[in-house]
Every structure is written in structure tokens, then in C-alpha cells.
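A quick write-up on the structure given underneath.
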Amino acid sequence: MSFGRNPHVAKAEAAEQKAHDARDSSAWEQGWLEAGRMWERAADRETDPKRRAAYMEKCEAARVHASEPHLPS
């Protein structure tokens, strides 16, 4: 990991991928909730206002996904 990078961004992206790959609704919901938490942590750590706003938008979107019904593919 390089210095100055926000480690929570990678964790949030990994949680989103885990949610996408979920096979049941419980894993889907937990994955999106975890992604939301990680995006919120990334936003809290961010100093650039544009990136902070983008991370908070992703946080809110992830939480909306968590409340949607999951249809396994």
C-alpha cells in the first residue's frame, strides 16, 4: 500500500464485489451494508471535498441496494 492513499476505498470496492457475487439475500444485504460502512469511513478520512461527496453518494447508494430485494442470477 502506498502512503497517502485511502485504504477504505479498496475495502468498499471489495465489499461491493462480494455483494454482487452473493447467492442469497442475506449475503447480498450484508455485503451492501458493509460496502456502505466502508464508503462512509472513506469519506470520513478524505480531505478533498469532491471525493468526500462522491464517497458519501456511494455510501447512500450501497445502503439503498441493501434494502432492495435480491434476485439470484
Exercise for review: List, largest first, the extents of the alpha carbons of segment 9-73 along their principal axes, each in whole Å.
Suggested key: 38, 18, 14
Study note, to complete from the structure: Probe 1.4 Å, heavy atoms of protein chains only: per residue, the accessible area of the chain in Å² is 71 Å²
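With n ≥ 4 as the cut-off for DSSP H runs, can you work out [θ] at 222 nm for the chain, using -39500 (n - 2.57) per run divided by the number of residues, rounded to the nearest 500? Provide the component values of the computation, followed by the final result.
On the way: 3 runs with 54 residues, N = 73.
Mean residue ellipticity at 222 nm (helix-derived): -25000 deg cm²/dmol.
Could you calculate the contour length gain from ALA61 to ALA14, that is, 0.36 nm times the residue separation minus the distance between their Cα atoms, to one decimal place in nm? List each step's numbers first, then the result.
Details: separation 47, 0.36 × 47 = 16.92 nm, distance 1.54 nm.
Difference between extended and current length: 15.4 nm.
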Check your understanding: Between segment 1-47 and segment 51-72, what's the alpha-carbon centroid distance in Å?
Key -> 10 Å
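As an exercise, identify the chymotrypsin sites (Phe, Trp or Tyr not before Pro) in segment 1-55 lying in DSSP coil whose Cβ has no more than 13 other Cβ atoms within 10 Å. Write down the numbers at each step before the final one.
On the way: sites: PHE3, TRP28, TRP32, TRP39, TYR55; in loops: PHE3.
In loop regions of segment 1-55 (DSSP not H, G, I, E or B), the sparsely surrounded chymotrypsin sites (Phe, Trp or Tyr not before Pro) are PHE3.
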Point to revise | Extension gain (nm, one decimal) between ASP24 and ARG51, 0.36 nm per residue minus Cα-Cα | key: 6.5 nm
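The values are calculated or read from the model by the stated rules, or taken from the named source; none is laboratory data. This one's a predicted model, so the numbers in the text were calculated from it and none came from an experiment. Cβ sites come from the backbone with ideal geometry, for glycine too, and all protein chains shown count toward neighbours. The area values use the complete protein model at the heavy-atom level, side chains included, leaving out ligands, DNA and RNA. Shrake-Rupley method; radii C 1.70, N 1.55, O 1.52, S 1.80 Å.
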